[in-house]
Every structure is written in C-alpha cells, then in structure tokens.
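Notes follow once the structure below has been shown.
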C-alpha cells in the first residue's frame, strides 16, 4: 500500500468518525462509486437508490445511535471497566501524542477526548505523512489495535445503515492490513 493511499484512508476515517456527514460529503460519496463499493456492495446500492436527504437522515440517526448514545468510540472508556474518559496527560494516548511532539487542541473540536477514534486516526495520518514507521507500529500495537477492531466488530451489528456496517468492517480490515504492511519487510513505502 502506498503512502498517499494510507494518508488518504486515515484522513477519510478520521472525518467519518468525527461527526455527522454533511450533504456535500454525502454527495461526494455518491459520486465515488468505487469507494462505496470498497466499503460494501450494499452501501453502494443504498446510496444509488436513495436521495441525499433520505441518506442524510438515516446516517445522522445511525451515527447518533452508534457513536453518541450507545457507545462512544473512545479508547479509555472502552478499555476501562469504569467507562471513564481520561483527559489530559493522565490519558495514555495524550501521553503518546505529547511524547511525539504532536499538539492536539481540543478547544476547537466537538470531540472532548484525545483518544476518540477520529483523533487517533488523524494522529495516524500525521505519522504516515511524516514517515514515522516505528511510531506507527507502536501506536497501532499499544492503542488502536487494542480496542478499535473489537469495538467496530461489536458495533457493526447495531448499525441500521449499510454504510456504517460496511465502514466498521472496512475499518477493521484496514487496520489489520495496515499493521501487517508495516510489519512486513516491505513496510517502507
């Protein structure tokens, strides 16, 4: 997998998990049949057979149910039996960011947890852009792979739309494939 593909995928995942999709984002997805097909044939068919407003309403409802009301995609709340979100440098992900010189300003974000899946994907995007292979491996091993695949596979069955079902499955497969890619002898892009 090429560096630019990986950068794009991590940016794409960061955007999709960060907030509701806008009409423009939905229209962009509708125009990208190849991407929808990659997520799932059902997602492609669903986008082709519904108008933007219907898709937006269904996706907004599904996003709220999956990622806000039932279970937020936040590492510390998933891994901690108390379901508490750790903030500041008591959060291991924030410590990792800090040790890498990565500045995260949550003041301008709707996401209040440094270990929200969207922010973790954004961090991986940054590491890929900077060719920080060892840090990518370490972050996947110590953070994303410890919780995200299990979380996504569990939440996938709760999804009402084929888009979020496909996204959860794609994301799980991508994380595992990306880690395998990094661990291979050819992991350098």
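The values are calculated or read from the model by the stated rules, or taken from the named source; none is laboratory data. Please read all numbers here as calculations on a predicted model, not as lab measurements. Positions of Cβ are backbone-derived with ideal geometry, glycine not excepted, and every protein chain shown enters the neighbour counts.
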Residue check, residue 94 buried (at least 19 other Cβ atoms within 10 Å of the Cβ), touching a residue at least 60 places away in the same chain (Cβ under 8 Å) and over 21 Å from residue 157 (Cβ atoms): no
Residues of the stretch 121-143 that turn out to be in contact (Cβ under 8 Å) with a residue 60 or more places away in the chain and either touching a helix residue (DSSP H, G or I) at 6+ places or on another chain (Cβ under 7 Å) or under 14 Å from residue 76 (Cα atoms) (or both), as a count: 7
Scope the stretch 105-152; condition surrounded by 15 or more Cβ atoms within 10 Å (Cβ to Cβ) and outside any helix (DSSP H, G or I); matching residues: 109, 111, 113, 114, 115, 116, 132
Residues located in the stretch 15-42, provided they are buried (at least 20 other Cβ atoms within 10 Å of the Cβ) and closer than 19 Å to residue 178 by Cα: 16, 17, 39
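Here's the yes/no breakdown for (1) modelled with pLDDT under 95; (2) within 30 Å of residue 55 (Cβ to Cβ):
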site	(1), (2)
90	yes, no
128	no, yes
139	no, no
185	yes, no
Total residues in the stretch 43-80, condition touching a residue at least 40 places away in the same chain (Cβ under 8 Å), surrounded by fewer than 20 Cβ atoms within 10 Å (Cβ to Cβ) and not in a helix (DSSP H, G or I): 2
